[in-house]
Amino acid sequence: MSMFTWLIIIGLVYLIALGTLAYRARQQASDVEDFMLAGGNLGYIIGFMTVAATLFSAFTLQGMPDFFRTHGIGSWIFLAISDGAMVFMIVFFAYYLRKKVAEKGYKGMAGLLRDCYETKWAGYVYFLGVFLFLIPYVAVQIRGIGIFLEAVFPEALPFWAWGLFIIVLMLLYSETGGLKAIIHADVLQGILLMIVVWIMAITCLKAMGGVGEMFRQIEAKESALLSVPGPKGLFTVQFLVASFFGIVSIPITQPQVSSRLVIMKDLKATHRMAVAVGIFAILVILPTLPIGFYGAIKYGEMSPAEFINQVLLFDQAGWVAAAAVIGLFAASISTSDSQIFALGGEFRSLLGGSEKSALTRTKIALVVFALAAWGFSILANDQLVLLARVSFTGTALMTPMVLAAILTRKSPSSEIVLWAALSILCLVLSQLKILPNVVMGVRMDLFIFLSVGILTLFSLWRTR
């Protein structure tokens, strides 16, 4: 059968499964808390699959192979080692977060910070930060898969129409089944992503003659790919340290992850989930290395989009290529809806009034957030792409503010909120080239992170 026949078959199975999961989740949602927080009783297997699917998006299948192809072996340090350290942060942060939630309740991190700091500005700054850095990231995901689908079906729809289709589908099942539907879809996406990436890695390894031959060919083609900072000098110490802080801070500052830590069944399930996420991270990143090195050997001169289209579509068997298309589609939706829904949860946590009224306004906000991401995906320019690339770093700037609230018994000083707001402003201005990217020989993102961390520690010491 041709790729398009397989695509129709696998696509229909995926859409039917998605609709069934959304309907079942809707039937199980008895109240607002069920809709927004999935009942708050996740076991570790479902918990690890939804966290893993939220973390490892279309970027894993599209971005990481190209990172290895372009920048070399240092890509492993950039992502895999940082993800391994993130597992320990999940264990550490989940303990104190769940303890604070038991004391103050939880509707979202923004509302929790407002209660901890006893000022609404803490919630506003947090919401602004996650909106500012997550919406462009979602937009670039939508744009990437839209352009990919336009290449697969050149006569069907332009990329912006594919993006709109993704947004509509995402809203349909997330507003139908709530967080539980999203979590179930995450499980489906995680399984599909793992299967597809390993099949492609094995195919690429066979084409290169095995692991040893792969490294011999890479050394002959471009030996700089086997060392850091790589042929383009990207993986400097400062870049890797700044990336490390950004990735390790994900459980603390990104609401689509922190909310899942809250709704785990118990602390034991949370610990098991964290270990499973670490194992998944290694297993899903490792196969992107041979895919990337295969591209470096055969398609080193191609653009990233051309390389991805070639290796995912034209160098694979029909059913594998079809599974890759659906896998990318599923990964894009999984990450996008998790982040959009998390933004809706943060918006809800800042609202007053009845639960019914708050839920209605939250559903409207979800549509607005999704359309904002779609609009950004159409208008995306280099500045928006750069903003998306520093998404993890941008949200990480709120780490000191969040940790100060979660780890301390009394209300921290509101000046910590001010430091967080100023740090976000400085990073945005540096990305827009209004402020320099380097200060006294230190990358601006790393300089800001260290500065706000020191200022927060000083504030806590002064008011202890």
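The values are calculated or read from the model by the stated rules, or taken from the named source; none is laboratory data. Treat the numbers as computed from the prediction; the structure is a model and nothing was measured. Here the Cβ positions follow ideal geometry from the backbone for every residue, glycine too, while neighbour counts run over all protein chains shown. All accessible areas refer to the heavy atoms of the entire protein, side chains included, with ligands and DNA or RNA removed. Shrake-Rupley method; radii C 1.70, N 1.55, O 1.52, S 1.80 Å.
Computed values, structure above
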item: Carbon plus sulfur fraction of accessible area for the chain, probe 1.4 Å, in percent; result: 68 percent
item: Centroid-to-centroid separation of segment 405-431 and segment 105-137 [C-alpha atoms, Å]; result: 11 Å
item: Contour minus Cα-Cα distance for Ile378 and Lys99 (0.36 nm per residue); result: 96.2 nm
item: Semi-axis lengths (Å, descending) of the ellipsoid that matches the C-alpha gyration tensor of the chain; result: 35, 28, 20
item: Volume per residue of the C-alpha convex hull in segment 318-464, rounded to whole Å³; result: 181 Å³
item: Among the listed pairs Lys107/Lys265; Lys120/Lys363; Lys104/Lys363; Lys99/Lys356; Lys120/Lys265; Lys180/Lys363, those beyond 20 Å (Cα-Cα); result: Lys120/Lys363; Lys104/Lys363; Lys99/Lys356; Lys120/Lys265
item: Spin-label proximity, Phe215 to segment 274-306 - amide N less than 14 Å from point 7 Å beyond Cα toward beta carbon; result: 290
item: Sequence-distant lysines (8 or more away, or on other chains) whose Cα lies within less than 29 Å of Lys206; result: Lys221, Lys232, Lys298
item: Alpha carbon centroid spacing (whole Å) that separates segment 305-333 from segment 213-277; result: 23 Å
item: Solvent exposure of segment 156-220 as accessible area per residue, Å², 1.4 Å probe; result: 41 Å²
item: Asp315, Asp83, Asp115, reordered so the largest accessible area comes first (probe 1.4 Å); result: Asp115, Asp315, Asp83
item: The chain, relative contact order in percent, only Cα pairs under 8 angstrom and at least six apart counted; result: 33 percent
item: Cα long-axis angle, helix 159-208 against the chain (0 to 90 degrees, to the nearest 10); result: 40 degrees
item: Distance in nm between pseudo-label sites at Ala317 and Ile434 (7 Å out along the Cβ direction from Cα); result: 5.5 nm
item: Accessible area per residue, Å², segment 330-464 with all protein chains present, probe 1.4 Å; result: 44 Å²
